[in-house]
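Read-outs throughout are calculated quantities, based only on the coordinates presented, and are distinct from any laboratory measurement. Note that the structure is a prediction, hence the values are computed from the model and not measured. Neighbour counts run over all protein chains shown; Cβ positions are idealised from the backbone, glycine included.
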Amino acid sequence: GIAQAELWPRLTLTGSLTVNATPVGASFASPAGPLLNLGGGPAISIPLLDWGERRAAVEARGALLEEALLAYRQAVMTALEEVETALTDLRAEGERVARLAAADAAATRALRDAGTLFRQGLTSFLDRLQAEQEMWRVKLELASAEEARALAAIALHKALGGAGARTR
């Protein structure tokens, strides 16, 4: 709007009042008395022969505004993408933790059963060791999945603008 206003003629009114000091003891009406000077008048500026400079300034400001709007939209879209990605990761890691928790419970039962079978002499010690190895493998994978789920929750918090979120 400011650049658009530059296209139109501008009328300004100026004025000034100057008072000069008088010597000590001189009267107001004496020739050595105070001098008052008044000045001023209207001034007009008409943008006729600027060879399109003002029109170009209006177009440049419009382009800057459009650029700022596009940058804002891009920032919003990037933030939305980060939030959606973080939500998807959090959901996927939550499902992975649930599956591995069930697998952990099954591996623990399998180890208990293998121990019972070994004590009864129905299976070898190697079978019991393999069941224990599988249980620890599942527990390690479950711990890794819980870590990934916590990191996904932190990423979501940051994407939503939480404390510690990076600044642009």
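Legend: calculated FRET efficiency, L151 to E53, from the Cβ-Cβ distance at R0 = 45 Å, rounded to 0.05, equals 0.20. Normalised Debye scattering of the range 61-158 at q = 0.13, 0.20, 0.21 Å⁻¹ gives log10 I(q)/I(0) of -0.63, -0.91, -0.95, counting only Cα atoms as equal scatterers and leaving out solvent.
Could you tell me which residue out of L142, Q130, A71 lies farthest along the dipole of the range 71-144 toward its positive end? Charges go on the beta carbon: Lys and Arg +1, Asp and Glu -1, centred on the Cα centre. Working it through, the farthest residue towards the positive pole turns out to be Q130.
The slack in the chain from W136 to E95, taken as 0.36 nm per residue of separation less the alpha-carbon distance, amounts to 12.7 nm. Here, the range 114-162 yields an orientationally averaged convex hull projection of 3.7 nm² when only Cα atoms define the hull.
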